[in-house]
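Chemist: Have a look at the structure that comes next, please.
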Amino acid sequence: QLQASGGGLVQPGGSLRLSCAASGNIFSINFMGWYRQAPGKQRELVARVSRGGSVGYSDSVRGRLTISRDNAKNQVFLQMDSLKPEDTAVYYCNAFPSIITLWGQGTQVTVSS
């Protein structure tokens with residue numbers, strides 16, 4: 001299972017850094033991703049990173065969020081800058097495509113003044 005942490009309440013324009021810790025070895029998983037689910041909306045992929053470091057982002061977060069991973073430490077990170085109220089959601093990490101058994105509880109990010 002994957003456990004996300006680092007969420008919180010932040011003002012518009014602020015920053016947060018999310019971390020994802022794996023209880024097992026994620027090195028063998030090629031793509032890792034960060035997903036988010038806002039109230040009343042479907043869960044969506046916002047960023048992904050390959051084992052080799054290639055990254056991809058959804059249009060809504062490109063230029064503001066940065067995904068990275070540390071294979072040796074079994075961790076994935078999401079640096080979130082210039083946050084907007086529409087970024088408010090529960091954020092999860094998982095493989096891409098997602099693996100149902102890896103969903104954790106997520107971490108709440110709230111962007112509000």
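Chemist: Spot the failing condition for G56; the list is (1) part of a strand (DSSP E or B); (2) touching a residue at least 24 places away in the same chain (Cβ under 8 Å); (3) over 23 Å from Q105 (Cβ atoms), and only one is missed.
Modeler: Among (1) part of a strand (DSSP E or B); (2) touching a residue at least 24 places away in the same chain (Cβ under 8 Å); (3) over 23 Å from Q105 (Cβ atoms), the lone unmet condition for G56 is (2).
Chemist: Looking only at region 1-26, count how many residues are over 18 Å from I100 (Cα atoms) and either in a strand (DSSP E or B) or modelled with pLDDT under 95 (or both). Even if it seems obvious, please write down each step before you answer.
Modeler: As a first pass, look at region 1-26 and keep what is over 18 Å from I100 (Cα atoms): 5-19.
This time we only want the ones that are either in a strand (DSSP E or B) or modelled with pLDDT under 95 (or both), so: 5, 8-10, 16-19.
Qualifying residue count for the region: 8.
Chemist: Being at pLDDT 95 or above and either surrounded by 15 or more Cβ atoms within 10 Å (Cβ to Cβ) or in a strand (DSSP E or B) (or both) is the filter here; which residues of region 59-75 pass it?
Modeler: Those that are at pLDDT 95 or above and either surrounded by 15 or more Cβ atoms within 10 Å (Cβ to Cβ) or in a strand (DSSP E or B) (or both): V61, R64, L65, T66, I67, S68.
Chemist: So G53 ticks every box in (1) open to solvent by less than 70 Å² (accessible area, probe 1.4 Å); (2) modelled with pLDDT of 95 or more but one. Which box is left unticked?
Modeler: Every listed condition holds for G53 apart from (2).
Chemist: Just the residues that are open to solvent by 30 Å² or more (accessible area, probe 1.4 Å) and under 13 Å from the mean Cα position of the chain (by Cα), please, taken from region 20-38.
Modeler: A21, F31, Q37
Chemist: Now for a different question. Hey, could you check region 76-107 for residues that are among the polar types (S, T, N, Q) and within 11 Å of the chain's Cα centre (by Cα) and say which is farthest from R51 (Cα to Cα)?
Modeler: T107
Chemist: May I pose another question? Please determine, by comparing only the residues of region 80-109 that are polar (S, T, N, Q) and in a strand (DSSP E or B), which one is least open to solvent (accessible area, probe 1.4 Å).
Modeler: N94
Chemist: When you look at Q42, is it out of contact with any strand residue (DSSP E or B) (no Cβ under 9 Å at 6 or more places or on another chain) and open to solvent by 30 Å² or more (accessible area, probe 1.4 Å), yes or no?
Modeler: Considered against the rule, which asks whether it is out of contact with any strand residue (DSSP E or B) (no Cβ under 9 Å at 6 or more places or on another chain) and open to solvent by 30 Å² or more (accessible area, probe 1.4 Å), Q42 comes out as yes.
Chemist: How many residues does region 33-45 contain that are under 15 Å from L83 (Cα atoms) and either without any contact (Cβ under 8 Å) to a residue 40 or more places away in the chain or assigned to a loop (DSSP other than H, G, I, E, B) (or both)?
Modeler: The qualifying residues number 1.
The values are calculated or read from the model by the stated rules, or taken from the named source; none is laboratory data. Keep in mind that what you see is a predicted model, and the values were worked out from it rather than measured. Methodologically, a virtual Cβ is constructed for each residue, glycine included, from the backbone with ideal geometry; neighbour enumeration extends over all protein chains shown. Surface areas here come from the heavy atoms of the whole protein model, side chains and all, with no ligands, DNA or RNA. Shrake-Rupley method; radii C 1.70, N 1.55, O 1.52, S 1.80 Å.
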